[in-house]
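The values are calculated or read from the model by the stated rules, or taken from the named source; none is laboratory data. Here the structure is a predicted model, which means the values were calculated and not measured. A quick note on method: Cβ atoms are made from the backbone with ideal geometry, for glycine too, and the neighbour counts reach across all protein chains shown. The accessibility values were calculated without ligands, DNA or RNA, using every heavy atom of the protein model including side chains. Shrake-Rupley method; radii C 1.70, N 1.55, O 1.52, S 1.80 Å.
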Amino acid sequence: MKIHEYQAKELFRDFGIPTPKDMVATSPEEAVRAVEELGLPVVLKAQVHVGGRGKAGGVKVVRVMEEVERTAGAILALTIKGLPVEKLLVTSAVDIRSEVYLSLLIDRGASKIAFIGCAEGGVEIEQTAKESPEKILRFEVPASSLGRLRANECLPFAQKLFPSQEHAAKAAGIMVAMGEMFQRRDCSLIEINPLVVDGDGAVIALDAKVIFDDNALFRQPDNLSFREESDEAKNGGVSFVQLDGQIGCMVNGAGLAMATMDIIKHFGGSPANFLDAGGSSDPNKVVTGFKMILQDKNVKVIFLNIFGGITRCDDIVKGILEAKEKFHVPVPIVIRLAGTNEEEGRALLAGTDLILAESLEQGARQVVEMGERA
Ligand code: GDP
Ligand code: MN
């Protein structure tokens with residue numbers, strides 16, 4: 001379960017990780033009031049569950065009062081990677097002297113919990129990881145001692161990130177706090193990018209990304225209290241994540257949706273989105289799904305991957321045909337049907353322009369080809 005930066009920073013404060021002063025605003029007027037309280041300069045930050053907000057225009061430094069309202073309005077009007085901005089974090093701007101990347105995560109490949117650090121923090125960390133993997137540093141910590149790390153254990157790692165002894169010591173303290181928070185709140189990720197040194201030599205978390213382990217939510221009622229009305233609920237029961245490929249995907253079930261993305265990648269294609277339409281054959285949901293997929297002009301073909309369980313394939317096909325009547329879909333649709341009432345579903349497809357895939361594998365190959373050709 002992902003939480004917003006403003007929520008993650010509340011937790012940081014509880015655990016003693018320094019952050020700039022901040023307030024949340026949902027309108028330009030509220031942003032102005034927050035700035036009156038915090039003082040200038042400030043940074044206005046879109047609160048959406050994706051990274052790279054800075055590059056998308058969702059993070060702006062504002063130095064004069066006259067610009068607050070307009071800038072806040074502009075950010076609140078943005079949609080970043082498919083997610084509308086509904087909240088702003090107004091934070092006191094920090095005078096950045098250096099930026100470092102620091103995270104604590106479960107490394108599933110290595111079955112370890114590890115700090116990951118890079119002395120060159122900021123927005124280009126993925127780029128650095130690709131081009132100069134040797135700059136990405138690791139420090140594994142045993143799960144058993146995660147909640148009670150000692151600063152002197154963390155110091156050697158912190159020293160690799162911060163040349164100054166004073167800053168490294170502060171960062172080691174932050175690592176101890178991260179370990180405690182990770183353990184106490186059942187996190188799977190705590191990421192600070194950037195962790196900065198300011199003009200007074202303070203070490204401050206300027207950004208905060210926290211993911212809670214879903215498997216532990218049952219014993220973490222406080223974690224659940226961070227949950228907001230989900231994007232899924234807002235989208236009429238359809239959960240959607242924008243990606244940057246050409247193949248639109250509409251699937252019933254989150255696990256199958258992920259498997260569909262995997263098989264498209266396996267055959268060399270690139271999914272345009274993740275979309276879980278749930279178990280229903282409700283034509284309205286299908287229309288909503290089509291609309292969300294087709295907002296993206298990169299989409300060349302749509303792959304509908306349906307596995308009938310409790311919901312029946314023929315019901316779903318009826319929903320799709322009804323939706324197609326209501327809503328024009330300008331790209332080809334390849335459909336794979338399996339499970340309950342598969343035959344009845346296939347029969348309904350006869351005479352329509354939907355392309356029936358013989359198997360998941362064949363369908364995936366076909367959409368990858370069509371995505372490339374178009
Ligand atoms: P992200 O793009 O979603 O990772 O958002 P961040 O919170 O990391 O902000 C992006 C970038 O904006 C940071 O790497 C900083 O360079 C810049 N930034 C954020 N807050 C401040 C601030 O208080 N002062 C200054 N000067 N720059 C900031
Ligand atoms: Mn960041």
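Summary table below
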quantity	calculated
Integer Hz, Karplus 6.51/-1.76/1.60 couplings in order for the range 68-82, x for Gly and Pro	4, 4, 5, 5, 4, x, 5, 5, 5, 8, 6, 10, 9, 6, x
Probe 1.4 Å, protein heavy atoms only - accessible area per residue of the range 21-92 in square angstrom	49
Check: the range 207-276 dipole with +1 on Lys, Arg Cβ and -1 on Asp, Glu Cβ, in debye	160
Sequence-distant residues sharing a close amide H with residue 87 (under 5 Å, placed H)	47
Per-residue ³J(HN,Hα) for the range 239-256, Karplus 6.51 cos²θ - 1.76 cosθ + 1.60, θ = phi - 60°, Hz, x for Gly and Pro	9, 9, 10, 6, 10, 10, x, 10, 9, x, 10, 10, 9, 9, x, 5, x, 5
Extension gain (nm, one decimal) between residue 216 and residue 32, 0.36 nm per residue minus Cα-Cα	62.4 nm
Ordering of 123-132, 49-58 by burial proxy (mean other Cβ atoms within 10 Å per residue, highest first)	49-58, 123-132
Dipole moment magnitude, nearest 20 debye, the range 96-222 about Cα centre, only Lys, Arg, Asp, Glu C-beta charged	420
Cβ-derived FRET efficiency at R0 51 Å, residue 356 paired with residue 61, nearest 0.05	0.40
Within the range 199-213: backbone nitrogen closer than 20 Å to the residue 96 label point (7 Å, Cα to C-beta)	199-210
Heavy-atom accessible surface of the range 96-222: percent carbon and sulfur, 1.4 Å	50
Relative contact order (%) - the chain, alpha-carbon pairs under 8 angstrom, separation at least six	12
Inter-label distance, nm, simple model (7 Å from Cα along the C-beta direction), residue 228/residue 347	4.9
Dipole of the range 21-92, positive direction: furthest Cα of 64, 27, 44, with charges on the beta-carbon	44
0 to 90° range, to nearest 10: angle between helix 28-38 axis and the chain longest Cα axis	20
Sequence-distant residues sharing a close amide H with residue 356 (under 5 Å, placed H)	335
Cα gyration tensor, the range 110-175 - rounded (a/c under 1.5), prolate or oblate	oblate
Highest-fluctuation residue, 305, 193, 215 considered, GNM on the chain with Cα pairs under 10 Å	215
On Cα atoms only, tilt of 283-294 relative to the major axis of the chain in degrees	60
Cα→Cβ-extended label distance, 7 Å offset, between residue 131 and residue 297, nm	2.9
Unit charges on C-beta of K, R, D, E only; dipole of the chain, Debye	340
Surface per residue (accessible, 1.4 Å probe) for the range 96-222, Å²	49
Entries in 2/291; 9/45; 81/285; 291/326; 45/170 that, when Cα-Cα distance is taken, lie over 23 Å	2/291; 45/170
Potential extension, residue 259-residue 284 segment - 0.36 nm per residue separation minus Cα distance	6.6 nm
Accessible surface, per residue, of the range 231-373 when the full set of protein chains is kept, probe 1.4 Å, Å²	45
For the chain, with +1 on Lys and Arg beta carbons and -1 on Asp and Glu, the positive-most of 277, 316, 111 along the dipole	111
Selected from 163, 351, 8, residue furthest toward positive end of dipole (the chain; charges at beta carbon)	163
Long-range HN-HN contacts of residue 187 with modeled amide H, under 5 Å	213
Accessible area of the range 231-373 belonging to carbon and sulfur atoms, whole % at 1.4 Å probe	52
Residue of 151, 169, 347 that the Gaussian network model of the chain assigns the largest fluctuation, springs spanning Cα pairs under 10 Å	347
Cα gyration tensor, the range 253-332 - rounded (a/c under 1.5), prolate or oblate	oblate
Sparse-neighbour loop sites [trypsin sites (Lys or Arg not before Pro); the range 149-188; at most 16 other C-beta within 10 Å; DSSP]	150
Degrees separating the helix 360-373 axis from the principal Cα axis of the chain, which is the longest one	80
The range 269-301 residues near the modelled residue 373 label - backbone nitrogen below 18 Å, point 7 Å along Cα→Cβ	269-270, 299-301
Mean separation of Cα contacts under 8 Å, 6 or more apart, over the residue count of the range 21-92: relative contact order %	47
